[in-house]
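Have a look at the structure below, then the notes.
Nothing in this text is a laboratory measurement; each read-out follows from the coordinates by a stated rule. Keep in mind it's a predicted model, so treat the numbers as computed, not measured. Note that we place each Cβ from the backbone using ideal geometry, even for glycine, and neighbour counts take in every protein chain shown.
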Amino acid sequence: MDNGANSYLRYLNGDESGIVEIIRDYKDGLILFLNGFTQNVHIAEELAEETFIKLVIKKPRFWGTCLFKTWLYTIARNVAIDYVRHNSKVSYFGLEEYPNILQDDESLEKSYIREERKIIVHKALGKLKLEYRQVLYLTYFEEFNNGQIAKVMKKKRRQIENLVYRAKMSLKAELNKEGFIYEEL
Amino acid sequence: MKNYEEMAESVFQRSREIIIRRAKKRKKIIRVTSSILCSCLVVLLGVGVLQNDMLTTHGNTSGGDRTENPIEESGPVNYSDLIGNKDTFTNPFNEELFSQFPAYSADIAAFDESLLYDCTAILEGKITDMYLKEYAFTVANDKFGEGGVLNSGRSTIVYELSIEKVWYGDMKIGQTVVLEDQYFFPDEIFSMKSGKSYVIPIYDVGNKISTFSTEVVSGDIERESIFSTVYPYHPQIEVTDSGYAVTTDWKTLTAREKRNIIMDVELGEYASFYKDKMVLVPEDIFSAQMGILIKNIKG
C-alpha cells in the first residue's frame, strides 16, 4: 500500500493526522495541476482545499485499484471541472491581485518543480489548450503513466497516447517560439 | 499561499462548518416536513370524519372500488415512493457507462419547449436495451503538414425503446425504435435505464455521427440510428404508476395541477440542479397539457 493510501486508511480509522500527511505530501502538486484549469494559483489553492474537504466530509472509499495519487487527482479534476462549469463566464481576479498571483505561482514552481528547465516548460504549458496542459503536467511533473492519466482524465489509454503526442508537438512549437529546445520532447 | 499546516487547519475548520450547516439544514427539513405531515394528517382525519358522517347519513356503506395506492393523493411526494425499490435507481450497467463515457464540459442552452419545433416524434415507451457504441475514425488536419490526419473517436449510447404510446409522430405502438445519443445526462438516478418507461421527444439527426470536422478521411461514422433524444441534458419525463415525473422546465406540461417531488435520494453534483425542479403531473392533466403543447408547437 502506498503512503497516501496508508495515511488515508489511518484517517478513516479516526486518526486526523492521516489527512494532514496527505495535505503535506500532495498539496503543492495538486495546486499546480489545478492551476492548469484555473490559470490562477489562488483559485487552484482553493480547489485543492476543496478536494481535501471532500475527503474529510464524504470519506469516499479508496478501493486500491489504482495508486492513491491517481485517485486523488481524479477527485481534484472533478472539483475543477465543476468549478469551471459554474464559473466559466466570471472574471476571477482584479488586476491589483495579479502581481501576488504571479509571485505565488513562481514560488510554488520553484519549491515544487525545482529544476530551471522544467520551470520553463511549466510556464510554456500555460499557453497550451487545457487538455494538453493537463496531460503534459501529469506526464512530466507527476510522472504518471498513460494508464494513470487515462483514469484521471476519464479517457481511454489510446486517446491519451494521441493526446500526449499532439500536446508534445504543441509544446515544442511553443518552446521553439521562445528559442528554447528541450531534448526530452 | 498557505503552508500545509495552515491548509490542514483550514480544511478541518471548513469541514466542521459544512457539517454543522448540513445538520441545521437537515433539522429544518425535518421540522418543516413534520409540520406539513401533521397538517396533512389533521386534514385527512377531518376529511375522513366528514366522509364517514356523510356515508352514514346517506346509508351508503360501500367503500367504493378505489384501488389501493400507498402514495398519498395530495401534497409533495417522495421520489423513492414513486419509483419503487431503491435498488432499481442505479444498475451495474450505468456504473460501467459512467466510467467509459468521456466527460465533456461545455455551455449548454437551457431547455425550452420551442426545441420541439424540430422533433420528429414524442414517444412513450419502455427502454428494453441500452449499450455503448464506439466509433474510431481519422479526420483531415494539416496542422503538422499537408495531407495530415488525426485519429479521432466518439462514443454514443444506443437505446432500444418499445413504443407504448405515440403522443406525436407517425410511429406505431408496439414498434421498437432505436435512439442513439452522443450526449448523456451524467447522473445515476436521472439517466435513462433499461426496464423503465419514459416520454421522449426524438428528432432525426441524419445517418452520420457528429465529428466536429469537415473531412473524415477513414473509419466508420455511420450511425446505428438516425434518431436522437431532442434534449439529453436534463432528466427525461419518467412514467410512474401515479403519473408523470416531469422537470419544471416543461412550462406547458407543468402549468396546471401538479405535486412537488421530494428528491429523497442522493443526486450527483450535476443532477442536484434538478433537486427542487421535479413535479408529478397526474395522467389526465399530462394528457391534456401535452395536447396543448403539441398544438402550440406543431400547429
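Key figures for this structure:
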item: Projected-area mean, region B:103-174, by convex hull of Cα positions, square nanometres; result: 8.1 nm²
item: Cubic angstrom per residue, convex hull over Cα atoms of region B:160-225; result: 122 Å³
item: Loop-located GluC sites (Glu not before Pro) in region B:167-221 whose Cβ has at most 10 other Cβ within 10 Å (DSSP); result: B:215
item: Computed log₁₀ I(q)/I(0) - Debye formula, equal Cα scatterers, no solvent, chain A, q 0.10, 0.11 Å⁻¹; result: -0.41, -0.50
item: Cβ-based exposure ranking for B:35, A:7, in which fewest neighbours within 10 Å come first; result: B:35, A:7
item: Out-of-range pairs (alpha-carbon distance over 28 Å; input A:58/B:27; A:151/B:28; B:172/B:196; B:126/B:251); result: A:151/B:28
item: Spin-label zone in region A:119-149 - amide nitrogen under 18 Å from a point set 7 Å from the Cα of residue A:106 along the C-beta vector; result: A:119-127
item: Within chain A, longest stretch clear of exposed trypsin sites (Lys or Arg not before Pro) (DSSP loop, no more than 15 other Cβ within 10 Å); result: A:1-60
item: GluC sites (Glu not before Pro) within region A:126-185: DSSP coil, no more than 11 neighbouring Cβ in 10 Å; result: A:143, A:178, A:183, A:184
item: Relative intensity, log₁₀ I(q)/I(0), of region A:31-76 from a Debye sum that treats every alpha carbon as a point, q = 0.29 Å⁻¹; result: -1.02
item: Those lysines that a straight Cα-Cα span of less than 25 Å connects to residue A:172, excepting residues fewer than 8 apart in one chain; result: A:110, A:118, A:123, A:127, A:129, A:155, A:156, B:143
item: Which of A:22, B:294, B:20, B:209 has the fewest Cβ neighbours within 10 Å, and the rest in rising order; result: B:20, B:294, B:209, A:22
item: Region B:117-160: trypsin sites (Lys or Arg not before Pro) in DSSP loop, at most 16 other beta carbons within 10 Å; result: B:143
item: Taking B:167, A:71 and counting other C-beta atoms within 10 Å, the order from fewest to most; result: B:167, A:71
item: Base-10 log of normalised Debye intensity for region A:115-165 (one unit scatterer per alpha-carbon) at q = 0.13, 0.19, 0.31 Å⁻¹; result: -0.28, -0.58, -1.20
item: Inter-centroid distance (Cα atoms) of region A:1-71 relative to region A:98-177, Å; result: 20 Å
item: Cα centroid separation - region B:243-275 against region B:156-232, whole Å; result: 22 Å
